[in-house]
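*Asks:* Have a look at the structure that comes next, please.
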Amino acid sequence: QVQLVESGGGLVQAGGSLKLSCAASGSIFRINVMGWYRQAPGKQRELVATIGSGGSTNYADPAKGRFTISRDNAKNTVYLQMNSLKPEDTAVYYCNVVTTQPRAYWGQGTQVTVSS
């Protein structure tokens, strides 16, 4: 089992920045890929970015050039630095980890609201 605790969401004006964090605990030795997804009201959950155990990254088009995903394996934590935020970035952001089994785990979500 893996437990995920997210933090860092909030309200920010367009053009501003936020940094999300997600700390993993439990069977952390099994973690492979860590990532962030988001779900806006009335829309499906969508990929934001992922990072592999070796540091390789993948970004969805809306995140490219504005968001940066990183991880600290010593702290079992994944981060999402979000810059140049837009109102369309407003969503609940979910942390996700995939273990080597493979099995996926989700955080409880953190709200990000970008005002225009």
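The values are calculated or read from the model by the stated rules, or taken from the named source; none is laboratory data. Everything numeric in this text was worked out from a predicted model, so none of it was measured. Every residue, glycine among them, receives a Cβ derived from its backbone with ideal geometry; neighbour counts consider all protein chains shown. Note: areas computed on protein heavy atoms with side chains; ligands, DNA, RNA excluded. Shrake-Rupley method; radii C 1.70, N 1.55, O 1.52, S 1.80 Å.
A quick yes/no check of all residues on (1) touching a residue at least 24 places away in the same chain (Cβ under 8 Å); (2) over 17 Å from Gln3 (Cβ atoms):
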position	(1), (2)
Ala24	yes, no
Thr57	no, yes
Tyr79	yes, yes
Pro87	yes, yes
Gly107	yes, no
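*Asks:* Still on this model: Tell me which residues, restricted to region 3-26, are within 14 Å of Tyr94 (Cβ to Cβ) and outside any strand (DSSP E or B).
*Replies:* Within region 3-26, Gly8, Gly9 qualify.
*Asks:* Within region 1-20, count every residue that is in contact with a helix residue (DSSP H, G or I) (Cβ under 9 Å, 6 or more places away or on another chain) and either small (Gly, Ala, Ser) or at positive phi (or both).
*Replies:* Final tally of qualifying residues: 1.
*Asks:* Any idea which residue in region 1-34 is modelled with the lowest pLDDT, counting only those that are open to solvent by 60 Å² or more (accessible area, probe 1.4 Å) and among the charged types (D, E, K, R)?
*Replies:* Among those that are open to solvent by 60 Å² or more (accessible area, probe 1.4 Å) and among the charged types (D, E, K, R), it is Arg30.
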